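Beneath this line is the structure, given in structure tokens, with notes to follow.
The values are calculated or read from the model by the stated rules, or taken from the named source; none is laboratory data. What you see is a predicted model, and the numbers here were worked out from it, not measured in a lab. Because the Cβ atoms are built from the backbone with ideal geometry, glycine has one as well, and the counts that use them run over all protein chains shown. What goes into the accessible areas is simple: the full protein's heavy atoms, side chains included, and nothing from ligands, DNA or RNA. Shrake-Rupley method; radii C 1.70, N 1.55, O 1.52, S 1.80 Å.
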Amino acid sequence: MQLTNLKVATEQVSFLQAVRQGLGQQQGLFFPTHWPKLDIDALLAMPLVERSTKILAALIGDELPEAELLAMVDRAFTFPAPLVRVTDNVSALELFHGPTLAFKDFGGRFMAQALAKAQPEPTTIVTATSGDTGAAVAHAFYRQSGVQVVILFPKGKISILQEKLFTTLGENITTLAVDGDFDQCQALVKQVFDNQALVAEFNITSANSINISRLFAQICYYFEAVAQVPAAQRDQVVISVPSGNFGNLSAGLIAKAMGLPIKRMIAATNSNDTVPRYWQGQQWQPKATVATLSNAMDVSAPNNWPRVEALLAQGVISRGAIEAIAVDEDDTQLGVRQLWQLGYLSEPHAAVAYKALKRSLAPDEFGIFFGTAHPAKFKEQVENILGSPIALPPALAACAAESGLSIDIAADFAALEQVIRTLKST
Ligand SMILES: *Cc1c(COP(=O)(O)O)cnc(C)c1O
């Protein structure tokens with residue numbers, strides 16, 4: 001399949017080229033111009049790995065033989081995504097059963113597989129994280145020969161446990177604690193990609209939610225969600241997605257464009273509400289990012305938004321198929337408590353999606369909200385909200401005991417360039 005640069009329409013690349021490059025000219029995002037239609041009923045009857053291979057094969061085309069793709073998906077999707085009942089018409093899709101206990105394991109692990117195909121020579125991956133991408137990317141590439149990974153994160157603005165999950169690895173994983181917020185980290189990464197000489201010298205590629213391989217991988221668990229909905233209710237599915245950079249939401253809209261029965265998608269944000277304000281008819285006007293309990297969504301200039309706009313412009317998604325709802329801090333805490341009273345332990349990101357869903361869901365609809373992180377990753381916040389202790393799963397307990405290896409840097413391109421240059425000499 002050919003992908004087009006959304007900013008420079010004359011730049012067209014194959015899937016593997018798009019994976020390798022990350023971003024196109026003028027920092028444009030790569031995106032397909034049309035979508036394959038699939039036999040949905042047949043797909044929904046298949047197991048996760050087999051079904052996901054079919055979906056990805058339809059998207060990617062003949063650039064990767066299906067047998068190769070099956071092996072890649074099999075190595076990437078090694079954990080389930082169960083739909084867990086909360087009430088009669090509300091369920092949570094738990095996307096946090098991977099190695100780093102967050103949904104980004106799906107995209108990150110498939111992207112690592114795709115990059116290995118796209119870019120066999122030594123590579124440097126430079127990426128910014130607002131929390132969980134970093135851990136997923138670090139674990140997906142840890143000890144992979146020929147790959148150096150540089151991860152930027154906003155110092156002190158992600159949870160200690162989140163930080164420990166990727167700053168304790170070392171070896172080919174370099175982590176930078178940036179004196180700034182996530183948008184500044186993202187801006188630094190963009191500066192790297194603007195510097196074509198540096199990109200060429202170090203064979204730099206990006207690995208955040210803008211890489212098309214991540215997005216394609218995420219489409220697959222929307223099918224897994226609907227496959228677990230009772231057949232009689234499959235035409236009433238409303239999905240609420242806790243959104244930051246809007247990669248997850250874009251993937252859901254693509255699934256819908258490919259024919260998956262999703263009645264409506266809810267873009268749930270925290271107080272960083274650029275999209276909900278815009279959707280209600282105001283100007284596109286990102287404000288300064290504010291810190292919230294759902295910190296992986298503390299993004300005011302979501303970098304996947306042009307893809308949402310592209311789907312609307314292509315006419316495959318209608319405006320009415322998307323609702324955008326902002327949930328403030330009090331309501332987020334209330335959501336965690338209400339879910340707990342219903343017997344479901346959650347965390348702030350899922351709670352944002354749950355509260356947005358509750359505001360929108362009609363009684364005859366079937367609502368799904370995404371659990372994007374394991375509650376234990378936000379142990380402190382959840383314990384403060386609920387006033388009772390929660391247990392750490394073994395993977396988290398092990399790395400929580402280690403010390404972080406990150407390097408402090410200023411939010412300054414020269415400092416970042418220096419780190420990249422020293423990687424080569426070591
Ligand atoms: C990254 C992240 C989000 C936001 O996902 P986007 O695809 O960036 O919108 C939500 N919840 C958690 C826990 C995350 O790590």
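Residues with beta-carbon under 13 Å from that of Cys220, excluding Cys220: net charge, scoring Lys, Arg +1 and Asp, Glu -1?
Here the charged neighbours net out to 0.
Mind checking the dipole of the chain: about its Cα centre, +1 per Lys or Arg Cβ, -1 per Asp or Glu Cβ, Debye to the nearest 20?
Dipole size: approximately 340 debye.
Going by the alpha-carbon gyration tensor, a ≥ b ≥ c the square roots of its eigenvalues, is the range 340-389 rounded (a/c under 1.5) or, if a/c is not under 1.5, prolate (a/b greater than b/c) versus oblate?
In terms of gyration-tensor shape, prolate.
Volume per residue, Å³, of the convex hull around the alpha-carbon atoms of the range 1-85?
Taking the convex hull of the Cα positions in the range 1-85, it is 131 Å³ per residue.
Computing the accessible area with a 1.4 Å probe over protein heavy atoms, can you report the carbon and sulfur percentage for the range 355-423? Display every interim value, and only then the final one.
Details: 1720 of 3150 Å².
Within the range 355-423, the accessible surface is 55 percent carbon and sulfur.
Treating only the Cα positions of the range 125-169 as identical point scatterers, give the base-10 log of I(q)/I(0) from the Debye formula at each q in 0.15 Å⁻¹.
With one equal scatterer per Cα and no solvent, log10 I(q)/I(0) is -0.32.
Calculate I(q)/I(0) for the chain by the Debye formula, one identical point scatterer on each C-alpha and no solvent, and give its log10 at q = 0.07, 0.13, 0.14 Å⁻¹ to two decimals.
-0.30, -1.13, -1.35
Between the range 157-215 and the range 10-63, how far is it from one alpha carbon centroid to the other, in angstrom?
Spelled out, the Cα-based centre of one part sits 24 Å from the other.
For the chain, which span is the longest to avoid every loop-located (per DSSP) member of trypsin sites (Lys or Arg not before Pro) having at most 14 other Cβ atoms inside 10 Å?
144-286
Kindly provide the Kirkwood hydrodynamic radius of the range 164-297 in Å, to one decimal, from all pairs of distinct alpha carbon atoms. Walk me through the intermediate numbers first.
Numbers: mean 1/r = 0.0564 Å⁻¹.
Its Kirkwood hydrodynamic radius stands at 17.7 Å.
Probe radius 1.4 Å, ligands and nucleic acids left out: which of Trp305, Trp284, Trp340 has the largest accessible area, and how do the rest follow?
So the residues, ranked largest to smallest area, are Trp340, Trp284, Trp305.
With label points built 7 Å along Cα→Cβ from the Cα atoms of Glu201 and His34, find their separation and express it in nm.
Label at Glu201, label at His34, 4.4 nm between them.
With a 1.4 Å probe and all protein chains kept in place, how much accessible area does Glu171 have, in Å² rounded to the nearest 10?
Surface accessible to solvent at Glu171 totals approximately 120 Å².
Cα gyration tensor of the range 69-149, axes a ≥ b ≥ c as square roots of the eigenvalues: rounded (a/c below 1.5), prolate (a/b > b/c) or oblate?
Because a/c hits 1.5 or more and a/b exceeds b/c, the range 69-149 counts as prolate.
Take every Cα pair under 8 Å in the chain that's 6+ residues apart, average their separations, divide by the length, and report that relative contact order as a whole percent.
Value for the chain: 19 percent.
Once every Cα of the range 279-426 carries one equal point scatterer and solvent is ignored, give the base-10 log of I(q)/I(0) from the Debye formula at q = 0.20 Å⁻¹, two decimals.
Calculated log10 I(q)/I(0) at the listed q: -1.27.
Starting from the 7 Å offset along Cα-to-Cβ, what nm value, one decimal, do you get for the label separation of Leu83 and Trp284?
Distance between the two pseudo-spin positions: 3.3 nm.
Using a 1.4 angstrom probe with every protein chain in place, what is the largest-first accessible-area order of Thr78, Thr10?
Ranking Thr78, Thr10 by accessible area, largest first, yields Thr10, Thr78.
Write down the radius of gyration of the range 20-169 and its Dmax, each obtained from C-alpha positions, in Å.
My reading of the Cα-based Rg and Dmax gives 17.2, 52 Å.
Where the centroid of each part is defined by its Cα atoms, how far is the range 350-383 from the range 257-292 in Å?
16 Å
Compute, for Asp74, the solvent-accessible surface of its heavy atoms (probe 1.4 Å) with the complete set of protein chains present, and express it in square angstrom to the nearest 10.
Answer for Asp74: close to 90 Å² accessible.
Determine Rg/Rh for the range 298-375; Rg is computed over alpha-carbon atoms and Rh is the Kirkwood hydrodynamic estimate from the same atoms.
Ratio of gyration radius to Kirkwood radius for the range 298-375: 1.03.
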